[in-house]
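K.L.:
Pasting in a structure now, in structure tokens, and then I'll have a few things to ask.
Coordinate-derived values only; no laboratory data. Bear in mind the structure is a predicted one, so any value in this text is a computation, not a measurement. We place every Cβ from the backbone using ideal geometry, glycine too, and count neighbours over all the protein chains shown.
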Amino acid sequence: MGDILGLVGKRLGLGLVILLVISIIIFFMVELLPGDIAQAVLGQGATEDNLAALRKEMGLDKPAIVRYLGWLSGAVTFDFGASVVTKEPVISLIGERFMNTLFLAAYAAVIAVPVAIVLGVLVALLRNSIFDRVANVATLTSISSPEFFLGYILILYFAVKWGMFPAISSLSDGMSFGELLNRTFLPALTLVLVVVAHMMRMTRAAIINLLASPYIEMARLKGTPPWKVIVRHALPNAWAPIINVVALNLAYLITGVVLVEVVFVYPGIGQALVDAVSKRDFPVVQACCLIFAATFILLNLAADVGAILTNPRLRHPK
Amino acid sequence: MSVFVIGYYTLLLAVSCLAAYFNKRQVFILAFSLTLVSFILGIVGGPGALKAVAVCAALLGLTAMVSYAFREFLIQLAESNVGSSFANNPPLKYLCLLVPAVWCLLAWIIGLPLGEIAFALVIIVVLLIAMTTETAKELRTAPLTAAFGMFVIFTYAIAGIFAPYIAPHGEAAVISSAFAPPDESMLLGADQLGRDMFSRLVYGARNSVGLAITATTAAFFLGAGAGLLAATKGGWFDQFLGRVADVIMSIPSLIFALLMLSIFGPSTPVIICAVAIIYAPRVFRLTRAVAGNVVVMDYIEAAKLRGEGTGYLIRREILPNSTAPLIAEFGLEFCFVFLLVAGLSFLGLGIQPPTADWGSMVRENATLISFGDITPLIPAAAIALLTVAVNFVVDWMLFRSSGLKEQ
């Protein structure tokens with residue numbers, strides 16, 4: 001048990017280091033701006049006095065490294081400073097929105113993960129049949145479509161033509177849970193379509209990879225039925241790659257959500273990021289990027305840890 | 001029960017029975033399960049739903065026929081073995097390649113006429129050089145999906161290269177009122193400013209795909225160059241590049257692109273640079289892995305002992321032995337980049353107006369969707385179709401190059 005903890009600790013440390021490097025990149029990339037933040041926010045027509053006042057307000061008169069350390073120590077306690085456009089604290093702008101995004105991602109994941117794994121096992125069982133080929137073409141099409149294409153098709157049919165679900169997911173306080181699920185169904189379904197296709201293909205590939213191993217041959221020769229070979233013999237060893245794919249796709253759900261949120265006007269953090277980018281509201285952009293990157297790294301870390309836990313061979317690296 | 005419904009079920013059942021009689025198991029299962037599904041669909045949706053299924057099946061059949069014919073056409077072309085006559089005559093080869101290429105460059109820089117035709121000639125010559133009997137052998141193994149992919153890529157290339165000749169109106173010309181319905185001069189109606197949708201769609205093939213190809217090429221050269229260097233040099237250089245790639249890859253791509261665009265402003269060079277930086281690490285990893293397998297071979301050792309330099313090793317020994325996976329990777333990267341760029345322009349941060357671009361066309365006309373009009377979806381479908389097509393071709397090439405035969 002001790003060496004597992006050691007390995008997990010090592011991965012955690014590595015993740016922290018990468019996160020630190022990314023925070024440096026995010027912070028110092030803004031320093032590359034022609035002029036500085038104050039100039040970019042106020043535009044070319046700003047007077048010297050205004051510029052000086054804003055610089056002082058944002059602390060731009062201090063050296064970059066001091067500001068970085070201040071920003072980082074604030075970020076650890078979720079204090080990302082104030083927006084330069086609305087002057088509100090960044091966290092009050094994006095805090096609730098982040099929760100909404102997490103809810104949407106969780107909603108999509110709860111549907112997508114079981115469906116993808118069951119379908120993946122099924123196509124692996126029926127490999128090279130006509131169903132497998134149809135599934136191959138269908139999943140490839142789904143992966144290749146931009147999210148906004150899928151989203152608008154769903155809006156066109158489910159909302160405009162058949163009127164089953166609302167096209168715009170406006171959330172309000174005091175909504176019942178069922179109402180909430182109904183309002184966010186279409187964005188969640190869009191995400192599910194993209195993610196299921198990918199997870200299904202990877203699950204199929206992971207299982208088919210294993211089918212060439214001698215122990216599967218043995219199971220087959222002793223007369224085990226095909227579905228049992230896959231469920232009892234292949235699946236347990238395929239868990240590691242499958243967990244990896246699931247975690248990767250969950251990470252995708254949280255970051256790839258940006259386009260879907262814009263299509264459905266969903267009040268999430270992706271929408272906030274896009275607005276901030278077009279308004280050049282750098283504190284918000286930095287905060288959103290850091291949150292997204294941290295989530296991404298966390299989920300990748302979870303994938304690594306999950307792989308180590310399910311595959312004893314990884315515990316003793318050569 | 002209309003005549004259509006009776007005919008529909010008769011045809012399906014006839015196909016199932018024939019397939020069963022001639023022992024075509026796959027066709028039988030497909031046809032019969034379609035019959036069963038149709039029973040349910042017919043009860044729920046009525047003849048309308050069955051008609052939709054019939055139209056889909058007819059379209060699918062048409063696509064299959066076109067793909068089949070296109071594949072046979074390519075095979076016939078390759079059988080004629082034009083490529084070998086070029087290969088046996090290097091001066092002819094370089095002459096045929098260089099003259100149109102120089103013409104095309106001059107047309108781009110100083111505005112010579114017929115630049116499009118020169119560009120098309122370059123591509124045609126490259127394709128002709130590839131047409132040998134070996135290619136014919138490869139093409140015979142292509143599944144219909146791959147043939148379909150090649151056909152779609154071919155169509156897009158024609159639309160993109162000859163856009164000014166195909167499009168009936170200019171890409172930014174305002175010719176009618178906003179959202180005017182289709183009429184004789186406008187195939188798909190007008191967009192939100194009264195510009196012809198169809199013309200913009202055709203020009204979009206040039207702008208959107210052109211940007212994606214340029215960005216992918218940039219990413220590819222950066223990543224493949226670094227990967228090859230890392231594999232041949234090894235040591236701390238390799239380690240350093242590997243760590244840099246790790247860090248870049250742990251930032252989600254769309255977020256990283258948004259960060260860079262917010263700082264440097266949305267313009268074409270910035271997009272190309274951003275995409276190159278974001279996607280180079282993926283290419284780097286693959287190239288390093290592929291080249292790493294080649295580097296340990298004996299013939300590399302022999303070349304090193306002969307005293308060859310790094311440049312020679314990369315060009316003459318490693319690259320020829322790792323082209324297949326690299327070409328497939330290029331296709332795959334193109335899909336990712338194309339989707340990312342389309343997403344960025346959908347968010348209004350890609351190619352700036354009035355240049356026609358598929359992603360922003362969807363966004364600008366999205367209001368039409370709430371009136372049940374599908375016109376804004378056409379550019380989105382164009383993006384999806386090209387990505388699917390490239391994916392189909394890549395799928396086949398990966399299958400060929402891995403030699404992977406699933407049991």
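K.L.:
For the stretch B:251-407, what relative contact order do you get, as a whole percent, if you take Cα pairs closer than 8 Å and at least 6 residues apart?
P.N.:
22 percent
K.L.:
Where in chain B lies the longest segment free of trypsin sites (Lys or Arg not before Pro) that are both loop residues by DSSP (not H, G, I, E, B) and have at most 10 other Cβ atoms within 10 Å?
P.N.:
B:1-305
K.L.:
Here is a follow-up. Please identify, among A:265, A:123, A:137, the residue showing maximal mean-square fluctuation in a Gaussian network model of chain A using a 10 angstrom Cα cutoff.
P.N.:
Highest fluctuation among the options: A:137.
K.L.:
I'd like the distance separating the alpha-carbon centroids of the stretch B:329-400 and the stretch B:130-172, in whole Å.
P.N.:
The distance from the Cα centre of the stretch B:329-400 to that of the stretch B:130-172 comes to 17 Å.
K.L.:
Determine by what factor the alpha-carbon radius of gyration of the stretch A:90-315 differs from 2.2 N^0.38 Å, reporting the quotient. Spell out each step's value before the answer.
P.N.:
Values: Rg = 20.0 Å, N = 226, 2.2 N^0.38 = 17.3 Å.
Ratio of Cα Rg to 2.2 N^0.38 Å: 1.16.
K.L.:
Follow-up question, since we're still on this one. Among A:252, A:215, A:266, which one shows the highest mean-square fluctuation when chain A is modelled as a Gaussian network with alpha-carbon springs under 10 Å?
P.N.:
Most flexible of the set in this elastic network: A:215.
K.L.:
With only Lys, Arg, Asp and Glu charged, each at its Cβ (+1 for the first two, -1 for the last two), find how big the charge dipole of the protein assembly as shown is about the Cα centre; round to the nearest 20 debye.
P.N.:
For the protein assembly as shown, the charge dipole is close to 2260 debye.
K.L.:
Under 25 Å Cα to Cα from residue A:56, which lysines show up? Leave out anything in the same chain fewer than 8 places away.
P.N.:
Result set, ordered by chain and number: A:87, A:279.
K.L.:
Would you work out which of A:166, A:149, A:301 lies farthest towards the positive end of the dipole of the stretch A:90-315, given +1 charges on the beta-carbon of Lys and Arg and -1 on that of Asp and Glu, about the Cα centre?
P.N.:
A:301
K.L.:
Provide, for q = 0.09, 0.17 Å⁻¹, the log10 of I(q)/I(0) from a solvent-free Debye sum over equal Cα point scatterers in the stretch B:248-407.
P.N.:
For the stretch B:248-407 at q = 0.09, 0.17 Å⁻¹, log10 I(q)/I(0) is -0.45, -1.06.
K.L.:
Starting with the fewest neighbours, write out A:3, B:196, A:173, B:373 ranked by other beta-carbon atoms found within 10 Å of each beta-carbon.
P.N.:
So the ranking, lowest neighbour count to highest, is A:173, A:3, B:373, B:196.
K.L.:
Report the semi-axes of the equivalent ellipsoid for the stretch B:3-80 in whole Å, largest first, where each axis is √(5λ) for an eigenvalue λ of the Cα gyration tensor.
P.N.:
Listed largest to smallest, the semi-axes of the stretch B:3-80 are 30, 17, 9 Å.
K.L.:
Using all alpha carbons of the stretch B:22-152, what is the percent of pairwise distances in each 5 Å bin, ordered from the shortest bin to the longest?
P.N.:
Bin by bin from 0 Å, the calculated values are 2, 9, 12, 12, 12, 11, 10, 7, 6, 6, 6, 5, 2, 0.
K.L.:
Mark the label point 7 Å from the Cα of residue A:17 along Cα→Cβ and return the residues of the stretch B:216-240 whose backbone N is within less than 19 Å of it.
P.N.:
B:235-240
K.L.:
OK, next. For an R0 of 35 angstrom, estimate the FRET efficiency from the Cβ-Cβ distance between residue A:78 and residue A:227 and round to the nearest 0.05.
P.N.:
0.10
K.L.:
Take the alpha carbon atoms of the stretch A:2-76, find their radius of gyration, then divide it by 2.2 N^0.38 Å using N residues; give the quotient.
P.N.:
Normalised by 2.2 N^0.38 Å, the Cα Rg of the stretch A:2-76 equals 1.59.
K.L.:
Treat each spin label as a single point 7 Å out from the Cα along the C-beta direction, and report the residue A:182 to residue B:221 distance in nm.
P.N.:
Placing both labels 7 Å along Cα→Cβ, they lie 5.7 nm apart.
K.L.:
Moving on. Can you sort B:249, B:197 from fewest to most other Cβ atoms within 10 Å of each residue's own Cβ?
P.N.:
B:249, B:197
K.L.:
Now for a separate question. Suppose a student asked you for the relative contact order of chain B, using Cα pairs under 8 Å spaced at least 6 residues apart; what percent would you report?
P.N.:
The normalised contact order for chain B reaches 15 percent.
K.L.:
Work out the FRET efficiency for residue A:106 and residue B:21 from their Cβ-Cβ distance, taking R0 = 56 Å, and round it to the nearest 0.05.
P.N.:
Values: r = 52 Å, r/R0 = 0.92.
So the FRET efficiency works out to roughly 0.60.
K.L.:
Taking Rh as the Kirkwood radius computed over C-alpha pairs, what is the Stokes-Einstein D of the stretch A:233-273 at 20 °C in a medium of viscosity 1.002 mPa s, expressed in µm² per second?
P.N.:
Diffusion coefficient, whole number: 182 µm²/s.
K.L.:
When N counts the residues of the stretch A:85-152, how does its alpha-carbon radius of gyration compare numerically with 2.2 N^0.38 Å, as a ratio?
P.N.:
Normalised Cα radius of gyration, the stretch A:85-152: 1.71.
K.L.:
List the lysines whose Cα sits under 20 Å from the Cα of residue B:51, skipping any in the same chain fewer than 8 residues away.
P.N.:
Filter leaves A:161.
K.L.:
Only Lys, Arg, Asp and Glu count, each charged at its Cβ (+1, +1, -1, -1), so figure out the dipole size of chain A about its Cα centre, rounded to 20 debye.
P.N.:
Result for chain A is approximately 1620 debye, rounded to the nearest 20.
K.L.:
Mind computing the radius of gyration and Dmax over the alpha-carbon atoms of the stretch A:158-278? Å is fine for both.
P.N.:
20.6, 64
K.L.:
So what is the relative contact order of chain A, in percent, for Cα pairs below 8 Å that sit 6 or more residues apart? Could you put the intermediate results ahead of the total?
P.N.:
Working: 332 pairs, mean separation 84.2, N = 318.
Relative contact order here is 26 percent.
K.L.:
Let me ask you something else. Quick one: Cα centre-to-centre distance for the stretch B:89-120 and the stretch B:208-280, in angstrom?
P.N.:
When both Cα centres are located, 30 Å separates them.
K.L.:
For a quick check: with amide H placed at 1.01 Å from N, whose amide H comes under 5 Å from residue B:195's, ignoring anything fewer than 5 positions away on the same chain?
P.N.:
Amide H to amide H, under 5 Å and 5 or more residues apart or across chains, residue B:195 pairs with B:175.
K.L.:
For each of B:85, A:145, count neighbouring Cβ atoms within 10 Å of the residue's Cβ, then give the residues from fewest to most.
P.N.:
Lowest count first: B:85, A:145.
K.L.:
Then there's this: Putting +1 on Lys and Arg Cβ atoms and -1 on Asp and Glu Cβ atoms, find which of A:46, A:17, A:58 reaches farthest to the positive end of the dipole of the stretch A:2-76.
P.N.:
Value: A:17.
K.L.:
Assuming R0 = 45 Å, what is the FRET efficiency of residue B:293 and residue B:57, from their Cβ-Cβ distance, to the nearest 0.05?
P.N.:
0.50
K.L.:
Related question: Residue by residue, what Karplus-based ³J(HN,Hα) values in Hz, rounded to whole numbers, does the stretch A:93-108 have, using 6.51, -1.76 and 1.60 with θ = phi - 60° and x for Gly and Pro?
P.N.:
With the stated coefficients, the stretch A:93-108 comes to 6, 10, x, 5, 4, 5, 4, 4, 4, 4, 4, 4, 5, 5, 4, 5 Hz.
K.L.:
Using only Cα positions of the protein assembly as shown, each an equal point scatterer, no hydration layer, compute I(q)/I(0) via Debye at q = 0.05 Å⁻¹ and quote the log10 values to two decimals.
P.N.:
Here the Debye-derived log intensity ratios amount to -0.29.
K.L.:
Using 20 Å as the cut-off for backbone N distance, which residues of the stretch B:373-390 belong to the label zone defined by a point 7 Å from the Cα of residue B:144 along Cα→Cβ?
P.N.:
B:385-386, B:388-390
K.L.:
For the stretch A:2-76, what is the charge dipole size about the Cα centre, in debye to the nearest 20, if Lys and Arg each add +1 at the Cβ and Asp and Glu each add -1 at the Cβ?
P.N.:
For this selection, approximately 320 debye.
K.L.:
Shifting gears a bit: For the protein assembly as shown, with the dipole built from +1 on Lys and Arg beta-carbon atoms and -1 on Asp and Glu ones, taken about the Cα centre, which of B:187, B:20, B:366 lies farthest toward the positive end?
P.N.:
B:20
K.L.:
Oh, and also: When the Debye formula is applied to the Cα atoms of the stretch A:238-315, each taken as the same point scatterer, what base-10 log of I(q)/I(0) results at q = 0.12, 0.17 Å⁻¹?
P.N.:
So the normalised log intensities work out to -0.44, -0.69.
K.L.:
Each residue of the stretch A:128-141 in turn: what ³J(HN,Hα) in whole Hz from Karplus with 6.51, -1.76, 1.60 and θ = phi - 60°, glycine and Pro shown as x?
P.N.:
Listing the rounded values in order: 6, 8, 5, 5, 4, 5, 4, 5, 4, 5, 5, 5, 4, 5 Hz.
K.L.:
Choose one answer from B:60, B:13, B:112: the residue with the largest mean-square fluctuation in a GNM of chain B with alpha-carbon springs under 10 Å.
P.N.:
Of B:60, B:13, B:112, the most mobile in the Gaussian network model is B:13.
K.L.:
Cα extents of chain B along the three principal axes, largest first, in whole Å?
P.N.:
Principal axes ranked by extent give 83, 59, 47 Å for the Cα atoms.
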